[in-house]
Amino acid sequence: MAQFIQLVIDGIAIGSIYGALALALVLIFRSTGIVNFAQGEMAMFSTFGAWALVQAGLPLGVALVGALAASFIGGMVIERVIIRPVEGQDPLTILIVTLGLFILVNSLAGWIWGFNNRGFPRALPDGSAHVAGVNLSYESLGIVAVLLVVVGLLYLLFQKTKLGLAMRAAAANPESAPLVGISVGRTLMIGWGLAALLGALAGVLVAPQLFLDVNFMGGVLVYSFAAATLGGFDSPKGAVIGGWIIGVAETLAGEYIDFIGSDLTILVPLVIIFVVLLVRPNGLFGSPEVVRA
Amino acid sequence: MSGLLTSPWARRVGLAALLAVAIALPFFFGPYRVSQLTLVLIYAIAVLGLNLLVGYSGQISLGHGAFFCIGAYTGAILLDRTAIPHLLTVPAAGLVCFAAGLALGLPALRLRGLYLALVTLALAIATPVLIKRFDGLTGGSQGLTVDQPAPPSWSGLADDQNLYFIALIAAVPMFWFATGVVRRGSGRALIAMRDNETASRTMGVNLATFKTRAFGLSAAYAGIAGALFTFANGFVAPESFTLTVSFAFLAAIVIGGLATVAGAVFGAFFIVFVPVWTSDIDEALSGVIYGATLIACMYVFRGGVMGVLRSAWAWSTKGRNEDEVAEVAVAGDGRRAGAGAGGVRS
């Protein structure tokens, strides 16, 4: 039983990271209807940025804040320069552009930093607390806490500030929002900036466990796709809860299903994506897509 | 001039000349270059299959690397376990992938756009992982080594030339068949379905049948290409079938031109030779070029290489024959709608 609880807690910790990246996907999907296939690679690039700042001799805290701020600006620039020209076009065009961005960012990182993997310093303290035979590492607790704080801040931003209201209005009705003086373009840029920031946060939290290389976020992106699909692509609540479910399902399946073991856990999110899309395409908390025939 | 090009006889003469060039090519290059050209032909088959699905029927697949992989392993396992002649593995792989494509096409009926992209992406990631898992049959991460077909003794061909001709003999009927599919009613039904599902249904297109068939056919093309890949390489391993392959195929259809048949050849040239030419400078450069080209295509060259060629042709014949220009313009609109798969919703 202690082992089971341990696995669930580990699953929630790793699931929080999937949830953070899934939140980034949801943030962009809600405002633009785009599933950003490049989200993971953008996060990888941000993480490399943080690593490079640490290598340059900056303290870890300063490097992280710098990388997150740069990611926010980078996300805004990507929206304005690369995404804006194709915004509102058909899914295939947008998909190809985000895939192009995926390949471009991945290769640029390889060009700049090479293809070797590297260790990444832990931002969260080592050590762990033992409660009733369960090992609660401070890192796991810290990751969950960071996610909860982020969710709280996002809630405050969207519900309690004028900017958040403008962003919701622009997402809900991009045609009418400009009539009340909202710049839809500006809110979209901020949305992409926030998403890039969230992705960067997921990247720096998961990098110490996975090692840093140009492909390290690829797997995380798949888990986050599964989390967002399960939770519903337009539901922030769904992204977080979906992330936890995916994380727990991953650790449990890896331990208790012999066929999956430790090297086939990637099948868990893939099967979940497949089943959810076929059985309940809007996910647990998503709203159904309504199309006028 | 333009009348000449559109007359069926001129087309036939042009195609015969093209075929003659294709037959002559391996006698003018060294073995290394010939093996690259063989790879172009093999990729062109897979790219053409993907274009039938994405360009013509408007269903997005990020998973064609998986069908390519299944085809390659079908061929490799048959050659490994049985005494089957090499050439028979090609139709066998085509049949297996046709069935696999139909099987995926059924759930795909319920999904469109980005969701279909997600599911096919999942397939592309899962396939090499599963191949590694069933290592009794597939050799796991070690892969399988297979014999390459020997050239018939009467021909006097070198190994690389023989492989080139096998790929060419496979590619020609595949292109011929695809041309037939897209020109006849079935192709028009696919395009109608892509541009407006409701309208096409009113016109009597059975969506379920056409969508699943398009998936099956497209997968069969990828599978046949996979089987050819196996004995062109003499070796298969899961590492050859990462997500990069699926991405490269998608890049190739965009660069060659969505909803074109001949574009597959240009696309295949791009994905074979760009990595070769850029690897001297930097390992990562080909990815930078892929990514930038994909984005640029969506901004500027919506029709890819074929679109540019058609525009150039329309421009050069401008004013001489207004009807011809109008016809080319219509073809141009078709391409735009190809890029705009599923775009008509209201």
Can you run down the residue pairs with Cβ atoms below 6 Å, 6 or more apart or on separate chains, where the first is in segment A:222-247 and touching a residue at least 12 places away in the same chain (Cβ under 8 Å) and the partner is among the hydroxyl-bearing types (Ser, Thr, Tyr) and part of a helix (DSSP H, G or I)?
A:Tyr223/A:Tyr18; A:Ser224/A:Tyr18; A:Ala227/A:Tyr18; A:Gly243/A:Tyr18; A:Ile246/A:Tyr18; A:Ile246/A:Tyr223; A:Gly247/A:Tyr18
Looking for something under 30 Å from B:Arg112 (Cα atoms), at pLDDT 90 or above and either part of a helix (DSSP H, G or I) or touching a strand residue (DSSP E or B) at 6+ places or on another chain (Cβ under 9 Å) (or both) - is there at least one such residue anywhere in segment A:135-144?
no
Considering residues that are more than 14 Å from every other protein chain (Cβ to nearest Cβ) and either of a type in the set (D, E, K, R) or outside any helix (DSSP H, G or I) (or both), the number found within segment A:31-61 is 4
Conditions first: (1) in contact with a Phe, Trp or Tyr (Cβ under 7 Å, 6 or more places away or on another chain); (2) buried (at least 24 other Cβ atoms within 10 Å of the Cβ). B:Ala227 passes all but one, so which condition is the exception?
(1)
Evaluation of A:Gly74 against (1) farther than 27 Å from A:Ala170 by Cβ; (2) crowded, with 19+ Cβ neighbours inside 10 Å (one fails), failing number:
(1)
Can you tell me which residues in segment A:234-264 are surrounded by 19 or more Cβ atoms within 10 Å (Cβ to Cβ), within 13 Å of chain B (Cβ to nearest Cβ) and of a type outside the set (A, V, I, L, M)?
A:Asp234
Screening B:Ala66, B:Ala76, B:Ala99, B:Ala103 for residues that are in a helix (DSSP H, G or I) and without any contact (Cβ under 8 Å) to a residue 12 or more places away in the chain leaves only B:Ala103
Just name the residue that is modelled with the highest pLDDT out of those in segment B:39-63 that are part of a helix (DSSP H, G or I) and among the hydroxyl-bearing types (Ser, Thr, Tyr).
B:Tyr43
Residue identified as under 25 Å from B:Val265 (Cβ atoms), touching a Cys at 6+ places or on another chain (Cβ under 8 Å) and β-branched (Val, Ile, Thr) among B:Ile131, B:Ile60, B:Ile70:
B:Ile70
Any idea which of (1) touching a residue at least 40 places away in the same chain (Cβ under 8 Å); (2) assigned to a helix (DSSP H, G or I); (3) farther than 30 Å from A:Val26 by Cα; (4) not hydroxyl-bearing (Ser, Thr, Tyr) is the one B:Asp147 doesn't satisfy?
(2)
Which ones in segment A:145-199 are in a helix (DSSP H, G or I) and either on the phi > 0 side of the Ramachandran plot or of a type in the set (Lys, Arg) (or both)?
A:Lys160, A:Lys162, A:Arg168, A:Arg186
If you take the residues in segment A:20-61 that are of a type in the set (S, T, N, Q) and buried (at least 24 other Cβ atoms within 10 Å of the Cβ), which one is nearest to the chain's Cα centre (by Cα)?
A:Gln39
Determine whether segment B:83-91 contains at least one residue that is closer than 25 Å to B:Met174 by Cα, more than 11 Å from chain A (Cβ to nearest Cβ) and buried (at least 22 other Cβ atoms within 10 Å of the Cβ).
yes
Of the residues that sit in segment B:249-299 and are within 12 Å of chain A (Cβ to nearest Cβ) and among the aromatic types (Phe, Trp, Tyr), which one is surrounded by the most Cβ atoms within 10 Å (Cβ to Cβ)?
B:Phe249
Report yes if some residue within segment B:169-177 is touching a Phe, Trp or Tyr at 6+ places or on another chain (Cβ under 8 Å), in a helix (DSSP H, G or I) and modelled with pLDDT of 90 or more; otherwise report no.
yes
Exactly one condition in (1) farther than 19 Å from B:Ala264 by Cβ; (2) more than 14 Å from chain A (Cβ to nearest Cβ); (3) β-branched (Val, Ile, Thr) is false for B:Val305; which is it?
(1)
Anything in segment B:205-231 that is modelled with pLDDT of 90 or more, over 12 Å from the mean Cα position of the chain (by Cα) and within 25 Å of B:Pro149 (Cβ to Cβ)? List them, or say none.
B:Ala227, B:Leu228, B:Phe229, B:Thr230
Please state which of the following conditions B:Arg110 fails to meet, knowing it meets all the rest: (1) in a helix (DSSP H, G or I); (2) within 12 Å of chain A (Cβ to nearest Cβ); (3) of a type in the set (D, E, K, R).
(1)
With the checklist (1) part of a helix (DSSP H, G or I); (2) surrounded by 14 or more Cβ atoms within 10 Å (Cβ to Cβ) in hand, flag the one item A:Phe120 doesn't pass.
(1)
Between A:Ile103, A:Ile96, which is surrounded by 22 or more Cβ atoms within 10 Å (Cβ to Cβ), within 14 Å of chain B (Cβ to nearest Cβ), in a helix (DSSP H, G or I) and touching a Cys at 6+ places or on another chain (Cβ under 8 Å)?
A:Ile96
Out of the residues in segment A:106-119 that are out of contact with any helix residue (DSSP H, G or I) (no Cβ under 7 Å at 6 or more places or on another chain) and modelled with pLDDT under 90, state the one that is nearest to the other protein chains (Cβ to nearest Cβ).
A:Phe115
Among the candidates A:Ile246, A:Ile182, A:Ile260, residue that is β-branched (Val, Ile, Thr) and closer than 30 Å to A:Ala63 by Cβ:
A:Ile246
Please verify whether A:Gly203 is surrounded by 17 or more Cβ atoms within 10 Å (Cβ to Cβ) and modelled with pLDDT under 90, treating the condition exactly as stated.
no
In segment B:261-286, what residues are in contact (Cβ under 8 Å) with a residue 24 or more places away in the chain and in contact with a Phe, Trp or Tyr (Cβ under 7 Å, 6 or more places away or on another chain)?
B:Val261, B:Ala268, B:Ile271, B:Val272
Working only within segment B:256-278, note down all residues that are touching a Ser or Thr at 6+ places or on another chain (Cβ under 9 Å) and over 18 Å from B:Leu37 (Cβ atoms).
B:Val261, B:Thr278
Of a type in the set (A, V, I, L, M), within 30 Å of B:Pro152 (Cα to Cα) and modelled with pLDDT under 85: is that true of B:Ala16 in this structure?
no
Could you tell me whether B:Leu130 is over 22 Å from B:Ile84 (Cα atoms) and away from every other protein chain (no Cβ under 14 Å)?
no
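The values are calculated or read from the model by the stated rules, or taken from the named source; none is laboratory data. If you're wondering where the values come from, they're calculated on a predicted model, not measured in any experiment. As a convention, Cβ positions derive from the backbone with ideal geometry for all residues, glycine included, and neighbour counts pool all protein chains shown.
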